């Protein structure tokens, strides 16, 4: 009998394996240097969120005495041990790459990260003057003594810890200084005239903490700094929300956010590798952290700040990524007209449209759809769900304008979208002030759907137009997330959407839908049916195949069914960017299952489900991954694509991903991943799709 570990991969370790692929992608020689910097930054940012949420949750379980085992049979304590071991190996790999390769490559391209000690006297004088005028007034040293307890260290903040000797009392005092990285750039550019560099493409930088450290005596005049070092803490940032006890969900989320800002328990302490023992001991005692959660860093702390360097105006050092083209069916659209002769509504009355962002412009498709609805005098109502929205959202602007134009506008704003809660609270308030009916969804569930419905009066009757997507209504992320969108007037799906919106606003208990797959009511059951039908077809000698593309595959019931399908002869191709808890290619378990992960310039975010059904293909796209949370604990919507032409487009797209041998990582039977040899690659999915 197989053990759980032989059947399922641990979710957290699979995520670490995904983040490893992000890091290794940034280390590939084929990428331009600022793209390498970008991947290193993404790796660190991912890791911060992983500790704030996943590690924090496991630590809380250990402290509460919970021993419930994971999908692969590990206790929370065992998972934490493995996580720390794997993450420390990866952070060492990242630091060695940055210190020994990336800095040199940046230098060759004229981007030089200087150390203060290596500057000329003239450069030091400029830096010291900059410190005095632009940094010193923002610093607040906090001493620790019987009258001043150890200060609160905020989440992800960069801090200086110093031991200072008071000349009068000869006592040593511990002092903490928070580095104001939100108010000052982490990397300060030294002007070229100061560096006496004539090459305008060459730029010289010094880190803000290096400059502060070398001006530390300015902070402690009349005292002696014995030694100093830098540190950074990561805190539990998961939002604790008791929805059932809340009278007002918006106020409840605001209060929970205030608690998050104060910060939960420390789950990681990052320190410089050469931090003096006396400072380290004081930190450990004051923060109360176990040794296994201390990370000794040989490079800069908080490497997510490397992202600042990618904003340097050097297009030759980063890939020129397109800002999408207008979809062919929308090319003749007058973007500033409501005339029926060339409106988006007339086009949709004739045909359905499949969008693929960022290759198809979000602005001239989805934004145009909402904008025209806001201004069209025949549009009676707009209904939309908002999960993550850009800070300067044209969608929000259009919704407010629609309300001002007298249209009925209903917006579901998901206040519990992790790390976007504050942004969504502000949008919810602004929408309500504009007279828009704002709802927050169903208690106990996150609303993760990506749906919009337009109700238009035409020739005395109402017609419904809609958009269903795999990604958020976010103008910024639409430029670098790959997502599909379906624009249509299909009356059955539109009817389902009306029922779903009524359910979300609390006016319906609808659980059965004609075509739409909705979780938690019908989606799991439908996917199980579709997989079992492929198993049945294989058993009857009919054609049986499954292709699924998603962000994560975690759900045990779905995985077990896929194993059964594989053993029944169903060919299964899985394109999974992130977590995959299934083992592929294992004898007597998953010999017919292949898994690949595509990591490239764009973040693969689309969810596509294709079932052969003996050549009578059924195809679905939508917001849900095959995870327990998506199938059971969120409001999700997945739509069938029944239009023959659009089904063919999706099948062709899936084949492009399956054939990719440039951005793809192939999952091996032990759960590890292997990259194709790039020099022999012929099929580069993301680049090929740009060039189509």
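Just so it is clear, none of the values below were taken in a lab; they were calculated from the coordinates. The model shown is predicted, which means the values in this text are computed figures rather than measured ones. Cβ: placed from backbone, ideal geometry, glycine included. Neighbour counts: every protein chain shown.
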Query raised in the report: Would you list 292, 86 from fewest to most Cβ contacts within 10 Å?
Result: 292, 86
Query raised in the report: In what sequence do 387, 116 fall when counting other Cβ within 10 Å, fewest first?
Result: 116, 387
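Taking the number of other C-beta atoms within 10 Å as the exposure measure, put 343, 273, 685 in order starting with the fewest. Walk me through the intermediate numbers first.
Numbers: 343 19, 273 11, 685 24.
So the ranking, lowest neighbour count to highest, is 273, 343, 685.
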Query raised in the report: Rounded, prolate or oblate: which fits the stretch 118-233, taking a ≥ b ≥ c as square roots of the Cα gyration tensor eigenvalues, rounded meaning a/c under 1.5, else prolate when a/b beats b/c?
Result: prolate
Query raised in the report: Per residue and in cubic angstrom, what volume does the convex hull of the Cα atoms of the chain have?
Result: 185
Query raised in the report: Which whole-number percent of Cα pairs in the stretch 518-691 have a distance greater than 22 Å?
Result: 43
Report task. Could you state the angle between the C-alpha long axis of helix 121-130 and the longest principal axis of the C-alpha atoms of the chain, as a value from 0 to 90 degrees rounded to the nearest 10? Result -> 60
Requested in this report: Enter the Cα centre distance for the pair the stretch 349-408 and the stretch 1-42, rounded to the nearest angstrom.
Outcome: 36
Report summary line: Site residue 426, offset 7 angstrom along Cα→Cβ, radius 20 Å on amide nitrogen, limited to the stretch 186-206, gives none
Requested in this report: Return the whole-Å distance between the Cα centroid of the stretch 543-577 and the Cα centroid of the stretch 493-535.
Outcome: 21
Query raised in the report: So what are the three principal axis dimensions of the stretch 4-317 from its Cα atoms, in whole Å, longest to shortest?
Result: 63, 58, 43
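Which whole-number percent gives the relative contact order of the chain, counting Cα pairs below 8 Å spaced six or more residues apart?
Values: 1278 pairs, mean separation 77.2, N = 692.
Here the relative contact order equals 11 percent.
Cα gyration tensor of the stretch 328-515, axes a ≥ b ≥ c as square roots of the eigenvalues: rounded (a/c below 1.5), prolate (a/b > b/c) or oblate?
Details: a/c = 1.38, a/b = 1.22, b/c = 1.13.
Judged from the Cα gyration tensor, the stretch 328-515 comes out rounded (a/c under 1.5).
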Query raised in the report: Within the stretch 1-23, what residues put their amide N at less than 15 Å from the label point 7 Å along the Cα-to-Cβ vector of residue 567?
Result: 1-4, 6-8
Query raised in the report: Angle between the Cα long axis of helix 277-287 and the longest principal axis of the chain, 0 to 90 degrees, nearest 10?
Result: 50
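Please sort 356-367, 5-16 by packing, taking for each peptide the average over its residues of neighbouring beta carbons within 10 angstrom, highest first. Show your work: numbers first, answer last.
On the way: 356-367: 21.8, 5-16: 19.9.
Final packing ranking: 356-367, 5-16.
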**Report entry** Tensor-based shape of the stretch 37-166 (alpha-carbon gyration tensor, a/c under 1.5 rounded, otherwise prolate or oblate)
**Finding:** oblate
**Report entry** the chain: angle of helix 394-404 to the longest principal axis, Cα-based, in degrees nearest 10
**Finding:** 60
Query - Stretch gain in nm, segment residue 307-residue 238, where the contour uses 0.36 nm per residue and the Cα spacing is subtracted - result: 22.4 nm
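Fully extended, how many nm does the chain gain between residue 591 and residue 560 (0.36 nm per residue separation, minus their Cα-Cα distance)?
Details: separation 31, 0.36 × 31 = 11.16 nm, distance 1.36 nm.
Gain on extension, residue 591 to residue 560, equals 9.8 nm.
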